[in-house]
Every structure is written in structure tokens, then in C-alpha cells.
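Asks: First, the structure itself, so that you have it in front of you.
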Amino acid sequence: MQDALIAVDVQVDFCKDGALAAYDTDSVIREINGLISDYSSQNRLVIFTRDWHPVKHCSFQAQGGPWPLHCVQGSTGAAFHPRLNLPPCHLVVSKAVKPDSEAYSGFDGTGLAPLLQDLGINSLAVCGIATEYCVLSTFGDALKNGFRAAVYRKAIRPVAPGSEEEKKALEAFRNAGSLME
């Protein structure tokens, strides 16, 4: 069985002091880097998703969306966190690139599913930011596309710890038998 790691949206704007910072991201980067090291040392694929919004994206408050300006294409905030270890061989998947279309999942409009299928990948480990939004959506779409998926609990962070949204996401992972402690 071939497997890969998906590190979801470990970008400056989602980390401490970023425009849309999730909770306790300083500690999650260490956990994610450990997984990246494990996967890359075994020559397994590591995939990094990123929000890559045009400046007038529909999700921004200025365009009537719910979110502040974040992860604008080419900006410092859209960059991967400087402490995130990018192995020499990795794949970057950009999402939410169209101004009129939101995309929380790394599979949404990116062509990721057929690419992974062509590579013979059938199992995915998921980690990253934010538990109740992009991690949950990426996990759900992995399952919908026929992949086995697991989420590493120590390597995810929510926007709002203890919120109903976070609880529902964790429950979804548990119900699928996919939450790795």
C-alpha cells in the first residue's frame, strides 16, 4: 500500500500573529515537522496545501465573505511558515485560487485526487491547520475520493479550541476510525 502525508495550510497567516491565526500553532509546527521527517526519510510523498487567494477573493469580508484578508497570492502571509521543513521532494497544492469560489479542501478544484491515483497512492495521513475547516474538508474529500485517511491529533490545530465546530470535526475523525492520538 502506498501512502502520503498531507500538511494542510501551514502558512504564516494561519500561525501565531498571522491575519487569521489558529490556536497554539507554535507547538504544532514541531509535530508536523516530525511527520514530514518520518515520511520523507522513507521516500514517501509529502504534500503541502495552501490557500492562494486572489486579492478580491469572495471569502474576504471586503467582498461579503466571513474572513479577514489572508493568504493573498505572493504575499508574506501566504508563504509557508519559516519553521516548516520542506523536504527536497514534495508537492504543493494551491486552493481557493479563483476569486468567486471558496475551497477549504486540498482536493477542491486542484486535480489532487487523480494525480494521487496515478501515483498509486491509496492512503493519506492528514495534519495541519485548521482542524474544523481545511483539515476536516481535506479529510472528508480524501474519503469521498476513495482514499483511506487518518488524522494525527497532535499535528492539527483549531481556530477556536473547544468550539462546537472543533468538537464536530474531532467526532467525524473518530467516527471514521481515523483519529490517531
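The values are calculated or read from the model by the stated rules, or taken from the named source; none is laboratory data. Because the structure is predicted, anything quoted here is derived from the model rather than measured. Please note: Cβ atoms are built from the backbone with ideal geometry, for glycine as well, and neighbour counts cover all protein chains shown.
Asks: So which residues in the stretch 5-20 are among the small types (Gly, Ala, Ser) and surrounded by 24 or more Cβ atoms within 10 Å (Cβ to Cβ)?
Replies: Passing the criteria: only ALA7.
Asks: Also: Here is a list of conditions, (1) farther than 20 Å from LEU115 by Cα; (2) crowded, with 22+ Cβ neighbours inside 10 Å; (3) aromatic (Phe, Trp, Tyr), and TYR23 meets all of them except one; can you say which number that is?
Replies: (2)
Asks: Can you tell me which residue within the stretch 154-178, out of those that are within 23 Å of CYS15 (Cβ to Cβ) and of a type in the set (A, V, I, L, M, F, W, C), is surrounded by the fewest Cβ atoms within 10 Å (Cβ to Cβ)?
Replies: Per the criteria, the residue is ALA160.
Asks: Has the stretch 97-108 got any residue that is closer than 20 Å to TYR39 by Cβ and more than 9 Å from the chain's Cα centre (by Cα)?
Replies: Yes, the stretch 97-108 contains at least one residue that is closer than 20 Å to TYR39 by Cβ and more than 9 Å from the chain's Cα centre (by Cα).
Asks: Across the stretch 113-131, which residue is surrounded by the most Cβ atoms within 10 Å (Cβ to Cβ) among those that are in a helix (DSSP H, G or I) and either touching a Ser or Thr at 6+ places or on another chain (Cβ under 8 Å) or not hydrophobic (A, V, I, L, M, F, W, C) (or both)?
Replies: Result: THR131.
Asks: Hey, another quick one. Give the stretch 1-39 a look and list any residue that's under 30 Å from PHE60 (Cβ atoms), among the charged types (D, E, K, R) and assigned to a helix (DSSP H, G or I), or say none.
Replies: ASP13, ASP26, GLU31
Asks: Please find, among PRO88, PRO99, the residue that is modelled with pLDDT of 95 or more, surrounded by fewer than 16 Cβ atoms within 10 Å (Cβ to Cβ) and either closer than 28 Å to SER27 by Cα or touching a Pro at 6+ places or on another chain (Cβ under 7 Å) (or both).
Replies: Of the residues listed, the single one that is modelled with pLDDT of 95 or more, surrounded by fewer than 16 Cβ atoms within 10 Å (Cβ to Cβ) and either closer than 28 Å to SER27 by Cα or touching a Pro at 6+ places or on another chain (Cβ under 7 Å) (or both) is PRO99.
Asks: Got a sec? Which of CYS127, CYS89, CYS71 is among the hydrophobic types (A, V, I, L, M, F, W, C) and on the phi > 0 side of the Ramachandran plot?
Replies: CYS71
Asks: Could you list all residues from the stretch 71-112 that are outside any strand (DSSP E or B) and in contact with a His (Cβ under 7 Å, 6 or more places away or on another chain)?
Replies: CYS71, GLN73, GLY77, ALA96, PRO99
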